[in-house]
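Engineer: Got a structure for you, questions after.
The values are calculated or read from the model by the stated rules, or taken from the named source; none is laboratory data. Every value quoted in this text rests on a predicted model; they were computed, and no experiment measured them. Reconstructed Cβ throughout: ideal geometry from the backbone, glycine too, with neighbour counts over all protein chains shown. SASA here: full protein model, heavy atoms, side chains in, ligands and nucleic acids out. Shrake-Rupley method; radii C 1.70, N 1.55, O 1.52, S 1.80 Å.
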Amino acid sequence: PTSGTVDLPLSKLLDAKGESSIVFIKWFVKEPGFVASTPQEERLLFPEAAEAPVIDQPNPVTPWKIGDDWVEGAERDNAFSQVHRVTMRVARSRARLYFVLGDWIDERPLRNISSANVYSLPQAFEDNFDVVDASSAWAPEELVKRCSSDAMTSRVTVCQYLLPISVPSSTTVTAFAVEDGLRESPRVNVIVPLDRVPPRGNPEYQASILLGKDAVNIDVKDVDVKLLLPSLDKLTFKLDRPRKARRVCLLASKFAPDVGADQSEAALATRARNCTWFDYDEANENMTWQLQQLADISGIDRHSPSRSVRIEVLTSLKLDGYLWAFPKSQTFMWFHEYSPTPLLFGV
């Protein structure tokens, strides 16, 4: 060529799956009036890349449930840490699997090709990384510390995957496979999910009760209370925030004029933790409780002249990426009182 440059279309060799190639390039120079120069040659190796590993969806080591983060204790610690078990696998059993935790922005090749002998692919590679065997005895924080890579060092340090690992939430897991005679695989990664704590008292993170005309608002000690008409035999309501995960629990007790539920966050959290929560049925939106049944649960004698019931309904909402919201409380009063039987003293 007159320009002295030769363009070789080798991209297909680099992109070829399941194939490794060696390209021989031979050249010589011939000038007018001179014999050709001694031929020279060069060999270029285009090895196949190992197949990328698979990282399964992380699963909680100890699943947390609604209300675990509302009260101090081991359950809250678990709900905040949200440690997940991460399982990875390779496509072929002879491949070795390595991983790095945290943000890994190092783009240096992890395997260098040796110029000593390109005819033997298994011996043609030199690993450009150091390996630490990950131990199942390491706590999640120690695993992150030992298996994080520093881009400023001359060689990358990675951990070899042997067994499923326990990783804290919001941690990035990057993995690649290495196989004798092949380039390292493409890197794959997954971010361990994190459910954040929703702000308390924010209506955007709460579900509210929607009622018909069967309840009357009254003010009892600065608490929002709805009075149920005595003629009612059941409590029926539905929740707003359609197509969102919602749960309901209900607490019933005998009504006493001078006794009300403690509305502090600590007391409300304790009641909510001891309550049985039900999934809100999206298909059948109206939830119904028989009031007489609630009176029976409260231990009220059906023949008592005073059969009024105090009902507290707690609701919680779960948005994507958040824990279950701190419960919202709504109180109902079902007054079912009879005048005392008159006494006869004589005729």
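Engineer: Is region 204-219 home to any residue that is among the aromatic types (Phe, Trp, Tyr) and modelled with pLDDT under 90?
Structural biologist: Scanning region 204-219 turns up no residue that is among the aromatic types (Phe, Trp, Tyr) and modelled with pLDDT under 90.
Engineer: For the subset of region 69-79 comprising residues that are crowded, with 16+ Cβ neighbours inside 10 Å and touching a residue at least 24 places away in the same chain (Cβ under 8 Å), which member is farthest from ASN189 (Cα to Cα)?
Structural biologist: Among those residues, the one meeting the criterion is TRP70.
Engineer: Next question. Test ARG111 against the stated conditions and say whether it is on the phi < 0 side of the Ramachandran plot, of a type in the set (Lys, Arg) and either modelled with pLDDT of 85 or more or open to solvent by 70 Å² or more (accessible area, probe 1.4 Å) (or both).
Structural biologist: When the stated conditions are applied, ARG111 does not pass them.
Engineer: Now for a different question. Take the residues in region 165-217 that are more than 30 Å from ASN78 (Cα to Cα) and polar (S, T, N, Q); name whichever of them is least open to solvent (accessible area, probe 1.4 Å).
Structural biologist: SER185
Engineer: How many residues does region 127-156 hold that are over 27 Å from the mean Cα position of the chain (by Cα), open to solvent by less than 50 Å² (accessible area, probe 1.4 Å) and without any contact (Cβ under 8 Å) to a residue 40 or more places away in the chain?
Structural biologist: 3
Engineer: Among the residues of region 242-254, count how many are open to solvent by 60 Å² or more (accessible area, probe 1.4 Å) and either at negative phi or modelled with pLDDT of 90 or more (or both).
Structural biologist: Counting residues in region 242-254 that are open to solvent by 60 Å² or more (accessible area, probe 1.4 Å) and either at negative phi or modelled with pLDDT of 90 or more (or both) gives 4.
Engineer: Could you grab me the full set of residues in region 255-286 that are open to solvent by less than 40 Å² (accessible area, probe 1.4 Å) and at pLDDT 80 or above?
Structural biologist: ALA267, LEU268, ALA269, ALA272, CYS275, TYR280
Engineer: For VAL216, state whether it is under 30 Å from PRO242 (Cα atoms) and either of a type in the set (Val, Ile, Thr) or outside any loop (DSSP other than H, G, I, E, B) (or both).
Structural biologist: Criteria met by VAL216.
Engineer: For residues that are out of contact with any Leu (no Cβ under 8 Å at 6 or more places or on another chain) and free of Cβ contacts under 8 Å to residues at least 60 places away in the same chain, tally how many sit in region 169-189.
Structural biologist: 0
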